[in-house]
Amino acid sequence: MSAITDITPELVNLSYKPDPVAPAGRIGLITLATDFNSEDDLRRILPADIGLFTTRIANANPITVDSLRAMADDLPRAARTILPGFGVDVAIFGCTSGTAVNGSDRISALIREGLPGCKVTNPLLASQYALRAVGAKKIAIAAPYILDVTTTVAQGIAQQGFEITRVLGFGLENDPDMTAIPPDALLAAALQANSDDADAVFISCTAIRAAEIAQRAEKLLGKPVITSNQALIWHALHLMDYQNPVTGFGSLFDHTPPTAS
């Protein structure tokens, strides 16, 4: 066997036209270190011509109000690691409960410390836009978290002027357990959380596989169903002024945000 020092590399001798990478735009995802689901779920929804580029924020299970509050300080560092020197069109934070605990404005400000001037959204903000876009005022909520985290998310929705009709939580505190909830169980929970007076059902959490059952749930309930990851992609695409249709993930994609700023 020849020693590597005896080999002289040569340049490839051919011409080619480079394929475009993410020709319609780039989305930067900041997700939790313990998240088992967001990247796969978001890529299922995203059109093929949009690129998703991920970084992770330091956190640890169990997911509690205190642990969600503590992780926010790592956001500027994480944001700086997304395609440095190239940037993204929109940065999204992949944690609904973390946004509710820390506040949407603070989450956006911390991300912009690492990505100055970038458009930013998060699941709580996107879901609020989504609920307004479908004309909902009274909201039923299903979530995977322990009850005090579920309460915090419900309060985050209520503080935006929505009336909450019913709230159900699975009582889970670890991300792997949340991702392991079967989609059919999430569907059953959405049906259980629904109330006759609710205009829409919101299924909270980016760590659960809820986007794939949104369309089925809408057919069974006869009303809009909003999920965290579905709303995130919907809002991010509008912030990018993406015009092509997205199908298979509920009626939300037939609507335009009341505002995309």
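The values are calculated or read from the model by the stated rules, or taken from the named source; none is laboratory data. All values reported here derive from a predicted model rather than from experimental measurement. Ideal geometry is used to build each Cβ from the backbone, glycine not excepted, and the neighbour counts take in all protein chains shown. Protein only, heavy atoms only, side chains kept; ligands, DNA and RNA dropped before computing areas. Shrake-Rupley method; radii C 1.70, N 1.55, O 1.52, S 1.80 Å.
The listed residues are I45, I30, I82, I57, and the only one of them that is under 23 Å from A154 (Cα atoms) and either among the basic types (K, R) or open to solvent by less than 10 Å² (accessible area, probe 1.4 Å) (or both) turns out to be I30.
Give the residues of the stretch 60-72 that are touching a residue at least 12 places away in the same chain (Cβ under 8 Å) and either surrounded by fewer than 20 Cβ atoms within 10 Å (Cβ to Cβ) or not aliphatic (A, V, I, L, M) (or both), sorted by residue number. Those that are touching a residue at least 12 places away in the same chain (Cβ under 8 Å) and either surrounded by fewer than 20 Cβ atoms within 10 Å (Cβ to Cβ) or not aliphatic (A, V, I, L, M) (or both): A60, N61, P62, T64, V65, R69. Applying the condition of being modelled with pLDDT under 95 and of a type in the set (A, V, I, L, M, F, W, C) to the stretch 147-161 and asking which residue is surrounded by the most Cβ atoms within 10 Å (Cβ to Cβ) yields V149. For the stretch 172-189, the candidate set comprises residues that are of a type outside the set (A, V, I, L, M, F, W, C) and open to solvent by less than 40 Å² (accessible area, probe 1.4 Å); within that set, the residue that is nearest to A217 (Cα to Cα) is P183. Just one of (1) outside any helix (DSSP H, G or I); (2) more than 28 Å from D89 (Cα to Cα) fails for V120. It is (2).
Every listed requirement among (1) at pLDDT 95 or above; (2) of a type in the set (A, V, I, L, M); (3) farther than 22 Å from Q192 by Cα; (4) not in a loop (DSSP other than H, G, I, E, B) is met by I139 save one, (3).
Scan the stretch 101-111 for residues that are open to solvent by less than 20 Å² (accessible area, probe 1.4 Å), farther than 11 Å from M71 by Cβ and of a type in the set (A, V, I, L, M, F, W, C) and jot them down. Selection gives I111 alone. Against the conditions (1) touching a Phe, Trp or Tyr at 6+ places or on another chain (Cβ under 7 Å); (2) touching a residue at least 40 places away in the same chain (Cβ under 8 Å); (3) open to solvent by 30 Å² or more (accessible area, probe 1.4 Å), V246 satisfies every one except (3). Among the residues of the stretch 226-238, not a single one is assigned to a loop (DSSP other than H, G, I, E, B) and either open to solvent by 40 Å² or more (accessible area, probe 1.4 Å) or at pLDDT 95 or above (or both). Looking at T165, T151, T99, just one residue is touching a Lys or Arg at 6+ places or on another chain (Cβ under 6 Å) and outside any loop (DSSP other than H, G, I, E, B), and that residue is T165.
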